[in-house]
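One structure is given here, and the rest of the page talks about it.
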Amino acid sequence: MIKNYVLDTNVLIHDPNAIHSFEDNNLIIPLPVIEEIDKLKGRPGEIGMSARHVARELDDLRKNGKLFKGVRINSGGTLRVEVIEDFKEMPRFLSDKVMDDWILFYTMEIIRKSPDIKTILVSKDINMRIKADALGIEAQDYLKDKTDEMALFKGYIEINGDPQNFDPVKNKVMENEFVKFDSKIFKFKNGKLIPISVDQNTNVWGIHPLNFEQSMALDLLLDPDLDLVTLMGIAGTGKTLLSIAAALEMVTNAKIYKKITVTRPVIPMGKDIGFLPGSAEEKMKPWLEPIRDNLEFLFDNAGKSISKIDSLNFLQVEALSYTRGRTIPHQFIIVDESQNLTPHEVKTIITRAGVGTKIVLTGDISQIDSPYLDAFSNGLSYVTAKFANQKIAGHLTLSIGVRSDLSTLASEIL
């Protein structure tokens, strides 16, 4: 049955290609959404880029006919820009000064004009969906890039028994997934169980893995066959420290990569950084202090001087918005706090990888700062699920806190 889907602005910013995701249904964009897109198109960073992409896409669709009448789109459905021509006044329970209320009002009018067609408001804004429900409007999140909870996996399984009798098909083990038999740990690679190359005596830039999870994480990070590694885990499990240690090892000692690039999202993405004074590096500095703390710790542990971190010619601090359009070869790229990226943003980063580049995404999906993302719609979860069982990708979820007893307990009970 054909449905009407009314799109909120945040859906189009979250995924600029969202209009192609609703199959053969009627896609309706209220005129106030176009006004918001127009205001956002001048913003720096990903928000502005997404808004400009949407504007160009809609302008291109004008070749197919009049947008206010509806035009055919590639998905097989129709798209139209809704305009209320006979407007007199807003209902008393809505405000004409609030853009969300205008979008709700438009949705109510669409329902009134088409009572026989099911109409659904699609919004990434939780409060918008709550308000819609209070008004009797069916509302839902944008689901196209939302990861199924069952698609997220730990990255290792624990088995009681003998490795010689292990059946990978029966146990549904995936490529580059770890299998732990008591104290012995193997990685399932190229159809075989291979003992991991890292144990708790391994020295990586002055640090040793403190538990079996960290041993597995370092095995993934130091594996040159893996171009993509995702590390999830609560605060204090060592995700960032291990990633930077492995990067330093691979660049300065093994010399497999030429440079290290470290970055993390600026929240709100693409806004605050533009208004901070100074160069790109100076603007990013407040957001990258945790990275610098880890670097200082590692250099001290390895007995090396790091009095001038900024002068290291193999270490690069990069704003995420500056990666668009580039090809980045032979680098070890670490994207910290990547749970705050949208699937579209994380795709932008990964598709920049050139020959010989490794990308590591780290984050805690229980600590998301973006108001439009959750544990299953963020970029880190999305990539983890999509790259599961790929030969060039590995994943691990760390759960053992090592920062302090207080930090571990706080992550569990607060």
* Would you pull out the residues with amide H under 5 Å of ALA139's amide H, same chain only if 5 or more places away, H placed 1.01 Å from N? => LEU121
* Considering the convex hull of the alpha carbon atoms of the stretch 144-239, report its projected area averaged over all viewing directions, in nm², one decimal. => 7.8 nm²
* Using θ = phi - 60° and the Karplus curve 6.51 cos²θ - 1.76 cosθ + 1.60, what whole-Hz ³J(HN,Hα) does each residue of the stretch 159-175 get, with Gly and Pro shown as x? -> 10, 8, x, 9, x, 5, 9, 6, 10, x, 5, 4, 8, 6, 7, 9, 4
* Taking the Cα centre of the chain as the origin and placing charges on Cβ (Lys, Arg +1; Asp, Glu -1), which of TYR257, VAL383, LEU406 is farthest toward the positive end of the dipole? -> TYR257
* To do: For the stretch 66-100 and the stretch 366-388, compute the distance between their C-alpha centroids and round to whole Å.
  => 31 Å
* Structure fact -> Largest-first semi-axes in Å of the equivalent ellipsoid built from the Cα gyration tensor of the stretch 35-100 are 25, 21, 9
* To do: Would you mind checking the stretch 10-39 for residues with the amide N under 14 Å from a putative spin-label position 7 Å along Cα→C-beta of ARG112?
  => none
* **Selected from LEU228, LEU40, LEU396 as most flexible by GNM, with the chain as the system and alpha-carbon contacts under 10 Å** => LEU40
* **Mean-position separation - Cα centroids, the stretch 186-232 and the stretch 163-179, in angstrom** => 17 Å
* Structure fact -> Expected max-MSF residue from LEU210, LEU361, LEU373 in the GNM of the chain (alpha carbon, under 10 Å) is LEU210
* Counting only protein heavy atoms, what percent of the accessible surface of the stretch 93-219 is carbon or sulfur at a 1.4 Å probe? -> 50 percent
* Asked: Among residues other than PHE314 whose Cβ falls under 9 Å from its Cβ, what is the net charge (Lys/Arg +1, Asp/Glu -1)?
  -> +2
* Please identify every one of the chymotrypsin sites (Phe, Trp or Tyr not before Pro) in the stretch 93-159 that sits in a loop by DSSP and has no more than 11 other beta carbons within 10 Å of its own beta carbon. => PHE93
* Asked: When we measure straight from the Cα of LYS184, which lysines land under 29 angstrom away, once same-chain ones fewer than 8 places off are left out?
  -> LYS154, LYS170, LYS172, LYS192, LYS239, LYS358, LYS386, LYS391
* Can you list the lysines whose alpha carbon is less than 23 Å from that of LYS131, not counting same-chain residues fewer than 8 positions off? -> LYS3, LYS88, LYS97, LYS113, LYS118, LYS144, LYS146
* Structure fact -> Under a Gaussian network model of the chain whose springs join Cα atoms within less than 10 Å, the largest fluctuation of VAL33, VAL229, VAL360 belongs to VAL33
* Asked: Which listed residue (PRO168, LEU152, PHE212) has the Cα farthest towards the positive end of the charge dipole for the stretch 101-216, taking +1 on Lys and Arg C-beta and -1 on Asp and Glu C-beta about the Cα centre?
  -> PRO168
* Residues of the chain: accessible area per residue with a 1.4 Å probe, Å² -> 49 Å²
* Quick one: if you stick a label point 7 Å off each Cα along the C-beta vector at GLU138 and SER75, how many nm between them? -> 1.5 nm
* Asked: Dipole size in debye (nearest 20) for the chain around its Cα centre, Lys and Arg Cβ +1, Asp and Glu Cβ -1?
  -> 1180 debye
* Asked: Using DSSP loop states and a limit of at most 12 other Cβ atoms within 10 Å to flag GluC sites (Glu not before Pro), what is the longest stretch of the chain containing no flagged site?
  -> 90-414
* trypsin sites (Lys or Arg not before Pro) lying in DSSP loop within the stretch 82-138, provided at most 12 other Cβ fall within 10 Å -> LYS88, ARG92, LYS97
* Other-chain or far-sequence residues with amide H under 5 Å of ILE359's (modelled H) -> LEU228, VAL229, ILE333
* Using helices alone, what [θ] at 222 nm do you get for the chain, with -39,500 (n - 2.57) per DSSP H run of 4 or more residues, divided over all residues and rounded to the nearest 500? -> -8500 deg cm²/dmol
* Structure fact -> Once both label points are put 7 Å beyond Cα along the C-beta direction, the SER305-ILE194 separation in nm becomes 4.0 nm
* Please list the radius of gyration and Dmax for the chain, considering alpha-carbon atoms only, with Å as the unit. => 24.3, 77
* Amide proton proximity set for ILE365, modelled H, under 5 Å, gap of 5+ -> GLY233
* Using θ = phi - 60° and the Karplus relation 6.51 cos²θ - 1.76 cosθ + 1.60, list the HN-Hα couplings for the stretch 359-368 in order, rounded to whole Hz, with x at every Gly or Pro. => 10, 10, 10, 10, x, 10, 6, 8, 10, 9
* Asked: How high is the relative contact order of the chain, given as a whole-number percent (alpha carbon pairs under 8 Å, six or more residues apart)?
  -> 17 percent
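The values are calculated or read from the model by the stated rules, or taken from the named source; none is laboratory data. Just so we're clear, the structure is a prediction, and the values are computed from it rather than from any experiment. Every residue, glycine among them, receives a Cβ derived from its backbone with ideal geometry; neighbour counts consider all protein chains shown. These accessible areas exclude ligands, DNA and RNA; they are computed on the full protein's heavy atoms, side chains included. Shrake-Rupley method; radii C 1.70, N 1.55, O 1.52, S 1.80 Å.
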